[in-house]
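These notes are about the structure you will find just below.
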Amino acid sequence: MNSAVILLSGGLDSVISLAHIKEYCNNIIALTFNYGQKSFLSEENASKRIAKYYSIKHEIIKLDWLNKISNSSLNTKEKIPDISFDNLDNTEVSSKTAKSVWVPNRNGLFVNIAACYADAMNFEHIVIGANKEEGATFKDNTIEFINSVNEALLNSTDCNVQLSAPLINMTKKEIVKEGIRLNAPFELIHSCYLDGDKNCGKCESCKRLKRALKLNDRNDIIDKIFI
């Protein structure tokens, strides 16, 4: 991989994906999307700082129309659902919370916008933070999604760009372990569904990150990035 467009939200998965490809890829541009999500200002700040940390190009793309058609709790007045640590691996419960935070075709849209950049710049790869743990409830985090998108990209791009997901077979615990190995800037990560200087520690995304850090005995990071 010599060149890549990476989807960078500033959360755990996108940051560790970036840290992973940065080991062997120097020509990288990061895209961060504003679709009216409650956490955007924090995502914007985190992604800018992370892009600066890794010395890569960074662009923010505004998608007002997606905000208008979405009924997700991420970008409407609907309350983001709570989930206990005990239910994080309960697919019956987590499937319901996943439905609440689902934004219409979000990853499909983001990947296709990234493909426009890749096609224009003749880049080889699009990188997404899809992973095994979220793949249990989000179908756009699965290998089937990756493969089907790549089939379409063969016919929709001239540069034959391919979608890559370096964390696709990893749980959050394994992703944190990989981040530690790569000396990733955990102090810059914002994985929260809400806006704020620090991660709230209460939403599902926060709880998955917090659990993964605890399982890796990194309470020092928890103290830094959570309220």
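The values are calculated or read from the model by the stated rules, or taken from the named source; none is laboratory data. What you are looking at is a predicted structure, and each value in this text was computed from that prediction instead of being measured. Cβ placement follows ideal geometry from the backbone for every residue including glycine, while neighbour counts extend to all protein chains displayed. Quick note on the areas: whole protein, heavy atoms, side chains included, nothing else; ligands and nucleic acids left out. Shrake-Rupley method; radii C 1.70, N 1.55, O 1.52, S 1.80 Å.
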Residue by residue through segment 213-223, note down the ones that are assigned to a helix (DSSP H, G or I), within 16 Å of ILE16 (Cβ to Cβ) and either touching a Pro at 6+ places or on another chain (Cβ under 7 Å) or open to solvent by 30 Å² or more (accessible area, probe 1.4 Å) (or both). LEU215
Considering (1) at pLDDT 95 or above; (2) surrounded by fewer than 20 Cβ atoms within 10 Å (Cβ to Cβ), say which one CYS203 fails and leave the rest. (2)
Residues of segment 173-200 satisfying the condition of being under 18 Å from ASP89 (Cα atoms) and open to solvent by 10 Å² or more (accessible area, probe 1.4 Å): LYS173, GLU174
Give the residues of segment 60-75 that are in a helix (DSSP H, G or I) and either more than 9 Å from GLY36 (Cβ to Cβ) or touching a helix residue (DSSP H, G or I) at 6+ places or on another chain (Cβ under 9 Å) (or both), sorted by residue number. TRP65, LEU66, ILE69
Filter segment 26-62 down to the residues that are within 15 Å of ILE126 (Cα to Cα) and of a type in the set (S, T, N, Q), then identify the one that is least open to solvent (accessible area, probe 1.4 Å). THR32
Segment 157-212: number of residues that are in a loop (DSSP other than H, G, I, E, B) and either at negative phi or aromatic (Phe, Trp, Tyr) (or both): 26
Wholly enclosed helices (runs of 4 or more DSSP H) of segment 85-137 bearing at least 2 residues surrounded by fewer than 17 Cβ atoms within 10 Å (Cβ to Cβ), without any contact (Cβ under 8 Å) to a residue 40 or more places away in the chain and touching a strand residue (DSSP E or B) at 6+ places or on another chain (Cβ under 6 Å): none
Of the residues ASN67, ASN34, only one is under 15 Å from the mean Cα position of the chain (by Cα) and either aromatic (Phe, Trp, Tyr) or over 26 Å from LEU182 (Cα atoms) (or both); which? ASN34
When ILE50 is evaluated against the numbered criteria (1) closer than 26 Å to LEU213 by Cβ; (2) in contact with a Phe, Trp or Tyr (Cβ under 7 Å, 6 or more places away or on another chain); (3) in contact (Cβ under 8 Å) with a residue 60 or more places away in the chain, which criterion, by number, is the only one it fails? (2)
Flag for GLU23 being acidic (Asp, Glu), under 19 Å from LEU167 (Cα atoms) and surrounded by fewer than 18 Cβ atoms within 10 Å (Cβ to Cβ): yes
Looking only at segment 1-18, count every residue that is surrounded by fewer than 21 Cβ atoms within 10 Å (Cβ to Cβ) and within 14 Å of the chain's Cα centre (by Cα) and tell me the total. 0
